[in-house]
Amino acid sequence: MPMFRSVSAFALLLSSTAFAHDHAHQTAQPPATPAAPQPSEAEANAAANAVLPPDQAAMKAHILFLASDQLKGREAGTPEYDVAAQYVASQFYAAGLRPAGDAGSYLQRVPLVSYKAAEKGTMSFQRRGGQAVPLVFGEDFVTGADPERAVTDITAPVVFVGYGIDAPEFGRNDYRGVDVKGKVVAFLDGAPAGIPSEPRAHLSRTGKMEAASKRGAIGAITLQTPESAKVRSIARLAESWDGVRMTWADGQGVGHSEAPGVTSLGTLGPAGAAKLFEGASTPWATIAARSADPKARFKAFQLPATATVRLKTTIAPATSYNVAGLLPGSDPKLKDEVVVLTAHLDHVGVGRADASGDTIYNGAMDNAVGIASLIEEAKRFKASGKPPRRSIMFLAVTAEEKGLVGADYFATNPTVPKANMVANVNLDMPIITYKFQDVVAFGADRSSLGPIVRRAAANIGVGAADDPLPEQSFFVRSDHYRFVQQGVPSVFLWPGPGGPGKEAWSTFLATNYHRPSDEVVQTAPIDWESGARFIEVNYQIAREIADADQRPVWNKGDFFGTLYKGPMAR
């Protein structure tokens, strides 16, 4: 599970352990970590040899293969990932699904662009009539990488635009009174706390780059606030300056950008920001202090500096695959409508060794459990003897850990008509080490999916809990978000925090998340009965969506539904 800026802050909040997982299209090598406490050999053997009911045994069998050392962490674009994709395709065939990839196969080819900074880059500021002031990499700034070109060389005036947000729904237009066409915008990291959590997460990342692109800016510089600098300093960001990133390629082989024409030039720490604002009508110290106030408003103004930024990016083509199988609908009027169920197949591959010397990041919970659930859910539909009224797409996506790339490619280039996709239900890293008493359905209450989820939870005897950490905005941090961006009502389900849930989340995130210890035998062993119950609740959700008389619709006026022109939102 990646999740734009990932769950690192969540893990920090629960366990005081920060994790280096950045969903903003950046994947760095995982940091060296101490070995997680492991079960004793006797406990491990007992867990491995326990006789399970057939449904639980089937789930475990998938995970034993997908999370084995031989698949080396299933990193997108590797031969080991391709083996995993072929395995899922064979399981879709065995479940009776029709091929729904390219050219009559189960595989949809995803053309990727792998890119990384080729050098540390340079950044300097010059005031009229003055000498250029060079910035120091790792102290003042960290540059980015550009998937659209190998060499980026920009010299342009810089305009400060507050948080860079244009959201009339929340009474904000940080661009009021300035023209940024052909210029570089500089905006504060994040977004004001006064905006509701899920829109805030969108506006703090994708939304601000979209706003800059719409207004003709050619570059963007992120300014760390004192708070964001505490979470991840410029020095720490610099440690992963040459990390490999990915996006998908357009028909000309150019890396896809959500904000075409505007390049993310880099991030300034407090020292670099002070140099940028030198001589400005409002000094950086004043703006930095005001950023702690959630009600603060910043007037946009042109800074007395011209920025010169030079970047070199190493760009290489790569290929990976989504795996798609279709269960055809039975209703003559509804069968062309498609409910899309997703889980990501990739993980982060091979990285730095932990204290035990293990370098393979197996990704059992993240996300072999989700893939196993997807396969077994398909088998439940076939075993029911009752075809769904609508068709159901079972989709294993690639490169989620690289920034939701495979899901973005499919949602933009689906193998079924885009208008026919009526809902997405996403399975990503369900933590099943405990007897869950409730479920959290991120994003469900933004659409008519909310009541469906609550009924499905009641059918297996559990409640539906509110998001316990709304400030973490999980709704925009997994593959379903890419379907939201196409206007499709979507939901992402997790076993909930009730009873032992919160402690189980904390334990997994603190000791196994994005570490070599995310294996079949966890610090807290996988509860296979809970795994079967998780499959069942998702089956119930998908079954009701597929058999309902009406397709899901957004709640009237919902932020995401309105933004992306989803059904019934306006």
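The values are calculated or read from the model by the stated rules, or taken from the named source; none is laboratory data. Predicted, not measured: the structure shown is a model, and the values here were computed from it. In this analysis, Cβ positions are derived from the backbone assuming ideal geometry, glycine residues included, and neighbour counts consider all displayed protein chains.
The condition of being touching a strand residue (DSSP E or B) at 6+ places or on another chain (Cβ under 9 Å), of a type outside the set (S, T, N, Q) and closer than 15 Å to residue 429 by Cβ holds for only one of 554, 494, that being 494. Scanning region 408-425 for residues that are among the aliphatic types (A, V, I, L, M) and touching a residue at least 24 places away in the same chain (Cβ under 8 Å), we see that the one that is surrounded by the fewest Cβ atoms within 10 Å (Cβ to Cβ) is 416. Checking the stated criteria, residue 488 turns out to be in the same structural domain as residue 361 (by TED's automatic domain parsing), among the aliphatic types (A, V, I, L, M) and within 24 Å of the chain's Cα centre (by Cα). Which condition number does residue 163 fail, the rest of (1) in contact with a helix residue (DSSP H, G or I) (Cβ under 8 Å, 6 or more places away or on another chain); (2) surrounded by fewer than 21 Cβ atoms within 10 Å (Cβ to Cβ) being met? Checking residue 163 against (1) in contact with a helix residue (DSSP H, G or I) (Cβ under 8 Å, 6 or more places away or on another chain); (2) surrounded by fewer than 21 Cβ atoms within 10 Å (Cβ to Cβ), the one that fails is (2).
Could you tell me which of the residues 86, 38 is of a type outside the set (A, V, I, L, M, F, W, C) and at pLDDT 95 or above?
On the way: 38 fails: at pLDDT 95 or above.
Exactly one of 86, 38 is of a type outside the set (A, V, I, L, M, F, W, C) and at pLDDT 95 or above, namely 86.
Of the residues contained in region 311-326, none is found to be in contact (Cβ under 8 Å) with a residue 60 or more places away in the chain, part of a loop (DSSP other than H, G, I, E, B) and either assigned by TED's automatic domain parsing to the domain that holds residue 155 or hydrophobic (A, V, I, L, M, F, W, C) (or both).
Contact annotation: residue pairs with Cβ atoms under 8 Å, 6 or more positions apart or on different chains, pairing a residue in region 495-510 that is within 25 Å of residue 458 (Cβ to Cβ) with a partner that is polar (S, T, N, Q) and crowded, with 21+ Cβ neighbours inside 10 Å, are 504/433. Just to be sure before I move on: is residue 299 part of a loop (DSSP other than H, G, I, E, B) and not hydrophobic (A, V, I, L, M, F, W, C) in the structure I sent? Taking the combined requirement at face value, the residue satisfies it.
All of (1) in contact with a Pro (Cβ under 6 Å, 6 or more places away or on another chain); (2) free of Cβ contacts under 8 Å to residues at least 12 places away in the same chain hold for residue 534 with one exception: (2).
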